[in-house]
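Trainee: Below is one structure. I have some questions about it.
Each reported figure results from applying straightforward, stated rules to the coordinates on display, with no laboratory input. It should be emphasised that the depicted structure is a prediction, and the values quoted were computed from it without experimental measurement. Cβ: placed from backbone, ideal geometry, glycine included. Neighbour counts: every protein chain shown.
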Amino acid sequence: MNDMILEMLSRILIPATQLFGAYILFHGHLSPGGGFSGGTIIGASFILYSLVYRFTAQKHRLKHETSLWLEVGGVLVYVMAGLVGIVFGRHFLTNQGVFPTGEPGRLWSSGMILLVTLGIGAKVAGTVLKLFQELLEGGAEPDGHH
Amino acid sequence: MVIIERLYMNIYYLVAVILFIIGFHTMLTHNNLLKKIMGMNIMDTSLFLFFVAIGYIHGGQAPILREGVMQYVNPVPSALILTGIVISVSFTAFALALVVLLHKQYGTLDADKIIALRSKRHA
Amino acid sequence: MLNLGHAPVLIVVVLLLAAFIIPLLGKRQGVVNAVFLGAGAAAFIMSLSMTMRVLAEGTLHYPVGGWAAPYGIVVLVDVFAAYSSLVLAMVALIISWFAVYGPREVRHNGVYFTLILLLTAAMQGMVMAGDLFNLFVFIEISSLAAIAIIAIKGTKESVEASFRYLVLSALGSGGVLFSIALIFMITGHLNMEYIRTTLIVTAEQYPLNLLTSIGLMVVGFGVKAALFPMHVWLPDAHSNAPTASSALLSGLVVKVYIIALMRIAYLALGLEIFALLPIRHLFLALSTGALMVGSVFAMVQDNAKRLLAFSTVTQVGYIFLGFGLFSPRAIEGGVLHILNHAVMKSLLFLAAGVIIHQTGIKKLSQFNGLGRKMPLTFAAFTVGAMSMVGIPGTAGFISKLYIALGALDADMLVFAVLILVSSLLNAAYYFPIIISAFFGKDSEKEAVEPRLAMLAPILVLALMVFFFGLFPSLMVPLVQQTALLFVR
């Protein structure tokens, strides 16, 4: 089934949603927003993509590896950013004495907070996609597809 | 009048407690598994409302540093509730996954029927 | 490079990291096993070093991100937390070994290991959390993981039991979150030590809030810890899980909630709460019910794992009894019982799992004569059962003795008698199994001992039962200092 309205609309909607998600993600440490909200919005765009293209060619489908790597990658980024503090002899997940601390209003300040936010965003987007995939295919295999 | 005024002052807490009881009741008494999950969500939402109401200050602004704003609402409860929502979403997703499995295995979403089917297998 | 002063966070981080790396490794089973057991071993070593340090230097405060309380999140490791962390790491490592080399009961070992690691990480985080909200988050992670390791077996019964567990667990979480909100409302803090100092002033102004909060907290944690009469979910959930999960759930998970509740009691609410409110009497009444009802229900069970699950209800009652009596020796007994029961109940569940796997027999009435065919496994089972009953020389004897002595200290002789009666009831359902297994007429079933890798964790646990029974002095400094936290 190829629905032109769906396809045309999703071509506009998906990038717009992702851009908005990225905006929220990048502003998490300075203004309302952050990893979870931004990640969910980006995850929603993935869900929209899977919903629109799930009936068309197999090559368009988002793979399970995509969500897995997003999830695990997000966690790894978070933990690595946290461990930097320990390596420098400070505390876990610290900015102090390792990264420059933040200035109000400047996007590219506040050290690893942005990094951590991006990690969370990736993790959340991956999780949202993964939950969707698992629930969608729940009928195919009893305990999911791994 | 005093009572009405006190009720009005605590309206958020009141609504939160009522929602909590509705959710609690739905969760325990309804046989349909999906309704149980809905009850769980109502209960969680009531707690989010309660938490956010604690941090709300009448006339307070969003806690972003700006000129000319004197009073901010307390951002801590909102930040906590974000985590609470994440947890609630995970619980819901997991519960739904279990319901899918249960429906496949027992062919019904009625808790009583499931228990009856299970005890018949044992007998 | 890594300074072990960071152990309080590193324990959780290492376990979580391993949990997330395992799905990436896919089908490479050898690597997966290595990462899984390596993370458990690393957690154990760090926990041991942390405990040494706490014993030498006193309570550790670890400010995450370098931000001190009340603005930052603080990991607070006192003696009780260190002791609990050590018990968790030790028993979880042994059960992990069994999960790797024991009978295979789940289709995807990698997912199973991830869940076990998430569960242990959450439990470690829970006992060390310094503020209520992090505590709540870890409670939720551990609840989800605990439900998942039951459902992963995939049988009809296990999925049904885990759904029921999920509903009640969500109710418990709701209660706990509500009570945290009420405490936050009257104190404005989440850090437990700051809550205590604020409560001294504000408790009198808001007695209703505090009372509601404590009530919800006891009920919330009571559901999760399976305190009688909120134990209804436990027998089904614990008996229908894969063997390693059963051991983890019965041995560790129910107790972690007791630890969390008691930590909130003395860290956040202050000990005055025990004098003002009849919490102790509630604990005493409910644990009496648990001691009696758990045993009576256990007696009529014919399914081996169900019997052990009901026995857990009783043993949780013992721990609450220790805290309810509130004399120093009773608390020491309760705290020791957390360790001792973790060891002996894991031993019994693993041994029962091996017996079921080797013979295919689940019914206790068909265990006759199997003891002569599988002497080592049944000997280990006997050791665990003896410890449950409280035969001198086993670990269970020490903790029961301490609780009974504590009852005498508190001038409540009736509870010492209760412990005696409950021990006799335990004997009444454990000994017939053993007698028929060793001296009953031969069964037609063929049965052989499992391979050594599968048997090893069981034998280690059996040795630990004797070890902690004969050398209780090893844990005494930790346990005594823990009791001092309660009875100052």
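Trainee: With Cβ to Cβ distances under 15 Å as the rule, what net charge do the other residues near C:Ala89 carry (K, R +1; D, E -1)?
Mentor: Overall, the nearby charge balance is +2.
Trainee: Would you work out the charge dipole size for chain C about its Cα centre, treating the Cβ of every Lys and Arg as +1 and the Cβ of every Asp and Glu as -1, and quote it to the nearest 20 debye?
Mentor: Magnitude of the dipole: close to 1060 debye.
Trainee: Where does region C:278-488 land on Rg(C-alpha)/(2.2 N^0.38 Å)?
Mentor: Output field value: 1.04.
Trainee: Working from Cα positions, state the angle (0 to 90°, nearest 10) between the long axis of helix C:29-57 and the longest principal axis of chain C.
Mentor: Taking the Cα atoms of chain C, the angle to C:29-57 is about 50 degrees.
Trainee: Roughly how far apart, in whole Å, are the Cα centres of region C:55-115 and region C:352-418?
Mentor: Region C:55-115 and region C:352-418 have Cα centres spaced 27 Å from each other.
Trainee: To the nearest 500 deg cm²/dmol, what mean residue ellipticity at 222 nm is calculated for chain C from DSSP H runs of n ≥ 4 alone, each contributing -39,500 (n - 2.57), summed and divided by the residues?
Mentor: Details: 21 runs with 366 residues, N = 488.
My calculation for chain C gives -25500 deg cm²/dmol from helical runs alone.
Trainee: Over all directions, how big on average is the projection of the convex hull of the alpha-carbon atoms in region A:4-139, in square nanometres?
Mentor: 9.5 nm²
Trainee: Let me ask another. Give a quick list of chymotrypsin sites (Phe, Trp or Tyr not before Pro) in region C:40-87 that DSSP marks as loop, anything other than H, G, I, E or B, with at most 12 other Cβ atoms within 10 Å.
Mentor: C:Tyr71
Trainee: Sticking with this one: In a shell of Cβ-Cβ distance under 13 Å around A:Lys130, excluding A:Lys130 itself, what net charge do Lys and Arg (+1) and Asp and Glu (-1) give?
Mentor: So the surrounding residues net to -2.
Trainee: Continuing with this model, one more query. Hey, what number do you get for chain A at 222 nm if only DSSP H runs of n ≥ 4 count, each worth -39500 (n - 2.57), divided across all residues, to the nearest 500?
Mentor: -22000 deg cm²/dmol
Trainee: Which FRET efficiency value, to the nearest 0.05, is calculated for C:Gln480 and C:Thr155 with the Förster distance at 45 angstrom and r the Cβ-Cβ distance?
Mentor: Details: r = 45 Å, r/R0 = 1.00.
Given R0 = 45 Å and the Cβ-Cβ separation, E is 0.50.
Trainee: So if I place +1 on the C-beta of Lys and Arg and -1 on the C-beta of Asp and Glu, and nothing else carries charge, what would the dipole magnitude of region A:4-139 be about its Cα centre? I want it in debye, nearest 20. Show your work: numbers first, answer last.
Mentor: Values: 9 positive and 6 negative charges, 28 e Å.
So the magnitude is around 140 debye.
Trainee: Sorted from fewest to most neighbouring beta carbons within 10 Å, what does the list C:Thr114, C:Thr482, B:Thr83 look like?
Mentor: Fewest to most other Cβ atoms nearby, the residues stand as B:Thr83, C:Thr114, C:Thr482.
Trainee: While we're on this one: For region C:264-299 and region B:23-38, compute the distance between their C-alpha centroids and round to whole Å.
Mentor: The distance from the Cα centre of region C:264-299 to that of region B:23-38 comes to 29 Å.
Trainee: Report the charge-dipole magnitude of the protein assembly as shown in Debye, nearest 20, computed about the Cα centre from +1 at each Lys and Arg Cβ and -1 at each Asp and Glu Cβ.
Mentor: Details: 44 positive and 33 negative charges, 284 e Å.
That gives the protein assembly as shown a dipole magnitude of about 1360 debye.
Trainee: Please report the relative contact order for region C:363-453, taking Cα pairs under 8 Å with a sequence separation of at least 6, and give it as a percent rounded to a whole number.
Mentor: 50 percent
Trainee: Let me ask something else about it. What residue among B:Met1, B:Leu49, B:Phe91 has its Cα farthest toward the positive end of the dipole of chain B, where the charges are +1 on Lys, Arg and -1 on Asp, Glu, each on the Cβ?
Mentor: With unit charges placed on the Cβ atoms, the residue in question is B:Phe91.
Trainee: Additional query: Compute the angle between helix C:192-202 and the longest alpha-carbon principal axis of chain C, please, reported from 0 to 90 degrees and rounded to the nearest 10.
Mentor: Around 50 degrees separate the two axes.
Trainee: Another question about this same structure. Just the number: Rg to Rh for region C:174-333, Cα atoms, Kirkwood Rh, two decimals. Display every interim value, and only then the final one.
Mentor: Numbers: Rg = 16.9 Å, Rh = 16.5 Å.
Rg/Rh: 1.02.
Trainee: Please report C:His238, C:His357 as a ranked list, fewest other C-beta atoms within 10 angstrom at the top and most at the bottom.
Mentor: C:His357, C:His238
Trainee: How are the Cα pair distances of chain C distributed, in percent, across 20 Å bins from 0?
Mentor: Using 20 Å bins, I get a P(r) of 25, 60, 15, 0 for chain C.
Trainee: Where does helix A:4-26 land angle-wise versus the long Cα axis of chain A, in degrees 0 to 90, nearest 10?
Mentor: Taking the Cα atoms of chain A, the angle to A:4-26 is about 10 degrees.
Trainee: In whole percent, what relative contact order does chain A give with Cα contacts below 8 Å and a gap of six or more residues?
Mentor: Reported relative contact order: 30 percent.
Trainee: When all C-alpha to C-alpha distances in the protein assembly as shown are sorted into bins of 20 Å, what percent of pairs does each bin hold, rounded to whole numbers?
Mentor: 16, 51, 29, 4, 0
Trainee: Got a sec? Charge dipole of region C:278-488, +1 on Cβ for Lys and Arg, -1 for Asp and Glu; which of C:Gly371, C:Gly333, C:Val389 is way out at the positive end?
Mentor: Of C:Gly371, C:Gly333, C:Val389, it is C:Gly371.
Trainee: Still on this model: When chain A is treated as a GNM, springs tying every alpha-carbon pair under 10 Å, which of A:Gly74, A:Gly119, A:Gly89 comes out with the largest mean-square fluctuation?
Mentor: Residue with maximal mean-square fluctuation among A:Gly74, A:Gly119, A:Gly89: A:Gly89.
Trainee: All other residues with a Cβ under 14 Å from the Cβ of C:Ile458 taken together, and with Lys, Arg as +1 and Asp, Glu as -1, what is their net charge?
Mentor: +1
Trainee: While we're looking at this one, here's another question. For region A:4-139, with the dipole built from +1 on Lys and Arg beta-carbon atoms and -1 on Asp and Glu ones, taken about the Cα centre, which of A:Pro100, A:Met8, A:Thr127 lies farthest toward the positive end?
Mentor: So the residue we want is A:Met8.
Trainee: Percent relative contact order of chain B, based on C-alpha pairs within less than 8 angstrom and at least six residues apart? Don't skip to the answer; put the middle values down first.
Mentor: Numbers: 111 pairs, mean separation 27.5, N = 123.
Computed over chain B, the figure is 22 percent.
Trainee: Over all directions, what mean area does the Cα convex hull of region B:13-123 project, stated in square nanometres?
Mentor: Values: hull surface 33.8 nm².
That works out to 8.4 nm², a quarter of the Cα hull's surface.
Trainee: Could you please rank C:Ser158, C:Ser239, C:Ser387, placing first whichever residue has the fewest other Cβ atoms within 10 Å of its Cβ?
Mentor: On the way: C:Ser158 23, C:Ser239 26, C:Ser387 32.
Listed from fewest to most nearby Cβ atoms, that is C:Ser158, C:Ser239, C:Ser387.
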